[in-house]
Every structure is written in C-alpha cells, then in structure tokens.
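Taking it in order: structure first as structure tokens, then the write-up.
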Amino acid sequence: MIAAARTILRKDLRLELRTKESVPAMTLFTLTVYVLFHFGLDRDSLDGELAAGVLWVTLLLAAVIGVSRLFAAEREQGGIDGLLLAPVDRTSLFLAKAAALFLFLVAVEVVAVPAFGLLLLGPGLGGALPELLTILALGDVGIAAVGALVAALAAETRARELIVPLLLLPLLVPVLIACAQATEPLLRQDQGPEDLGRWLALLTLYDVVFVLLSVAVFDYLLED
Amino acid sequence: MYSKGFKPLAAATVVALATAMALVFFYAPLDADQGFVQKIFYVHVPMAIASLCGFVAGGIMAIRHLRSGDSSWDMRSYVAIHISIILGVGVLATGAIWAKASWGHWWVWDEPVLVSFLVVVLLYCVYYPLRFSIEDRERQARYSSVFAIAAGAFVPLNFAAVRMAEAYTHPRVLSQTGGNLPGEMRLTFLVSLLAMALLFVTLWKLELISKNASMQLKRLKRRLAEREAVAA
C-alpha cells in the first residue's frame, strides 16, 4: 500500500515538475490576492487579526486551485482507467493524492508566506517562526485530507468547477478558525503566542477525523 | 413500502403540533425581559435540533447504504437531508427574526450556534448540485452517500470550532437554552420538540412515499410504452 502510494506520488510530482501547472499558478494567485487585499482594504501594512485573516483566506483560496487541478491529468488523458485497473487499493490513491496536495501547499507557502511578510505584514515574521511553521503544517494536513476527498467527489460530476469551491470552503471553516486564531497573536506587534495549545488541539482533531474518514470512504469513490 | 403506519403518525403529528401551539400561547409564561417575542424560541430551537439530527441521521443512513449497497437507504438519506435543509432555512429565518427583536440586529456574529448553523446549511446546499450533476444512478447514490457521511462528521466539529472561536472573544455568561428553564417553559419546550420531531418524520415519510410512487409510475409507463411498441 505504502509502496503503491509512493509510486503514484512520484508520478504526480514528476508530472508537476514537467508541466508546472498547479504550484506556479497557485503561487501567482496568492500574490494577486495580496494585491487585491491591499487595494480592497486600502492598507499598506497589516497586523494582528487582519493579517492572520488575510493570510489564511488567501492560502485557502489558493488551495481551491490546487484541489480542482488534483485529478486533472487523470481526467484529461484517461489515466484514471489505468489507476483503477491497477491492483492497488484506493487507500494508496488517497494517500498519494493527499500527499501531493500537501507538498504543493508547502511549495506555495515557501513563497507565499515570506511574500506576505514582505508586502503586507507590519511586524516581522522572524520572532514566532517555529509556532507559525507548526500551524502551517497542521493546517496543510487538514486541507490536504479534505482536498483529496473533495477532488475525488467532484472528479466525476459535470459541474466540477462549481462543486470544488462550494464544497471545499465550508468544510475548511474549522481550519480557517483554528489557524487564523492561532496565527493572530503571532502577527501582532511585540507579542508572543497565546492559547496556542487549544487551537493546535482543534487542528489535530480535525486532521485525524478527516484523514480517517477519507480513508474509510475513499473506496466508494472512483470505482467502476 | 413506506406507507405503513403513516396515517396514525400523521394524526399524532397534528395532535402534537396543536398541543404545542396551545401550550406556547396559553400556558407558557411570558419571558420577563424579552416578552412575547421569546415565544419564537419554541419554534426556532426544536426546528434547529430536528434539522441537525436529520443531517446526522442522513449520514448514518448513508453509511448503511454504502455497507449494504441497498439504494433505498440512499433514498432515505437523500430525503432526510432534503427535509433538514428546508427546516434549516426556517431556523435561519426564525433566528434572524428573534435576533432582530431581542438584540436589534438581523444577524449577530457572536452567537456561535447561529453562525455554525449558517456554515452547515451552506455546506449541505451543495448536496443538490453534487447529486444532480451525476447522471449514472448507482454512482449518484454512492457519491451522495460519501458526501452525507463527510458532512455528517463535519457538523459536530464545526460546532466545536465556532463555539471555541466565539467563547474566546465573548465569554457566554448565561446559556439561553440551558437546563435552567422554569418548569412551565420546559414542559412547553419539550412538547414543541416532540411535535417538531414528529413533523420531521411525517414529512420524511410523505416525501419517501411520493418519490416511491412517482418512480413506480415511471416504471409502469415505460412498460406500457414497450408493450405498445410490440403491438404496433
């Protein structure tokens, strides 16, 4: 199972490296949204709640792009038949797709978070880096698990482009709440983390529930 | 197949609803600081509870569908979610009216239950486009069930998250729906809750009967058309 998942993941990463479809588009999108927020809010620098909100809303919107492209190659080139005919169970497909999405998100954040610090954020990012990285990692796990599930759900429908954002964003509201609330004190002027533990606990709970749930129901998707 | 015991159920619903309304208007005391408008509580809260239980029940029926492969469970789950969404819209409307009357605003973001409810209703509204954009019957049932299960698990998580976020900024001193209701109000509330639960089950059964009947009619029409084609 793990070996099969690793093979599919390697295929996805190689595909991304060669076509450069998802990650550059998602990164470009985050920068565009920063510009939109700059003009929409008419602010040169943000801090605290506003900064955390702008950062996480931007990342979630970028995730929508990644999720709607997650099964694109399989759909357009008919590769899904190959995957389904292969004697591997669906769990490995889910693990591979979620891992690919996770890595895409990390790659986007490597650019998007420093860019946010540079363009919009008032206080520096350096002080609370370990906490911020933990929040980002836990948030990405949740987005990746739910994202892979939603991508598989939407892959076989006619109104795919509609279903993905409508389904993904409400499902990610708890992630947004936990991440934004946990990040908010880190982005204030001269203030350390507070209440970090309970938000990380909520994120962890969300991640565990949705990873297990997706593994349990993924078998029923993408068969025939 | 679904019509067994429908008539007594419908009769019980009518009796329970009438009793609940009578209790609400003639028995339950007026609230000391909210006055008459507080009576919307006897519609709003039971409706919210029935709707949330319907969402979760839809998820459980979806699990049964996936386990047994019996498509009638998918139909049950679909109808449960359908009725819950209708009640859910009612909850948002009555909640907005109550908020306007007692706090002066149509919408308050620091009421965690209302906000979570909005997110849940927004999510479940996607059930329809998802279900009806899949043509293949069997696949439609399977995908809808997966959605119902994921969304059913999401409901309690979302409530926990929203409550945590609101409690953080606005500590709730007094719980409005907590166990500290005076006796007469509590009795009225419980009867209203029972009436709403019965109403839910009745509507659910009625919708199932009608869906079943129209499916049967379609089948018979098809058979008739085939026979006519053979005769011609």
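Over all residues in A:177-185, what is the mean tally of Cβ atoms on other chains that come within 10 Å of each residue's Cβ?
Mean partner-chain Cβ count within 10 Å for A:177-185: 2.
Answer with one residue from A:Ala96, A:Val64, A:Leu50: the one whose Cα lies farthest towards the positive end of the charge dipole of chain A, charges on Cβ with Lys, Arg +1 and Asp, Glu -1.
A:Ala96
What's the center-to-center distance, using Cα atoms, between the stretch A:20-56 and the stretch B:23-86 in Å?
After rounding, the separation between the Cα centres reads 39 Å.
Mind giving me the nanometre distance, one decimal, between the label points for A:Leu85 and A:Leu205, set 7 Å out from Cα along Cα→Cβ?
The modelled label-to-label distance comes out at 4.6 nm.
222 nm [θ] for the protein assembly as shown, helices only, -39500 (n - 2.57) per DSSP H run of 4+, per residue, to 500?
That comes out to -27000 deg cm²/dmol.
Within 9 Å, Cβ to Cβ, of A:Glu49, how many net charges do the neighbouring residues add up to if Lys/Arg are +1 and Asp/Glu are -1?
Counting the neighbours of A:Glu49, the net charge comes to -1.
How large is the charge dipole for the stretch A:2-220, taken about the Cα centre, if only the Cβ atoms of Lys, Arg (+1) and Asp, Glu (-1) carry charge, to the nearest 20 debye?
Around 740 debye, computed over the stretch A:2-220.
For the protein assembly as shown, take the alpha-carbon Rg, divide it by the Kirkwood Rh, and send me Rg/Rh.
Looking at the protein assembly as shown, the ratio lands at 1.02.
Sort B:137-149, B:84-96 by packing, meaning the average of other beta carbons within 10 Å per residue, with the highest value first.
B:137-149, B:84-96
Run the Debye formula on the Cα coordinates of chain B, all scatterers equal and no solvent, and tell me log10 I(q)/I(0) at q = 0.07, 0.09, 0.14 1/Å.
Here log10 of I(q) over I(0) equals -0.30, -0.47, -0.99.
What does the extension gain come out to for B:Arg67 and B:Ala232, with contour length at 0.36 nm per residue minus their alpha carbon separation?
Extending this stretch completely gives an extra 54.9 nm.
Could you calculate, for chain A, the ratio of the Cα radius of gyration to the Kirkwood radius, expressed as Rg to Rh?
0.99
Return the subset of B:Lys4/B:Lys39; A:Lys97/B:Lys205; B:Lys4/B:Lys221; B:Lys7/B:Lys218; B:Lys7/B:Lys221 for which the Cα-Cα distance in this structure is over 31 Å, preserving the input order.
B:Lys4/B:Lys39; A:Lys97/B:Lys205, as the Cα separations exceed 31 Å there.
If I take every Cα pair under 8 Å that is 6 or more residues apart in chain A, average their sequence separation and divide by the length, what percent do I get for the relative contact order?
Rounded, it is 30 percent for chain A.
Readers should treat all values here as calculations from the given coordinates under stated rules, not as data from a laboratory. Model, not experiment: these values are computed from the prediction. Because the Cβ atoms are built from the backbone with ideal geometry, glycine has one as well, and the counts that use them run over all protein chains shown.
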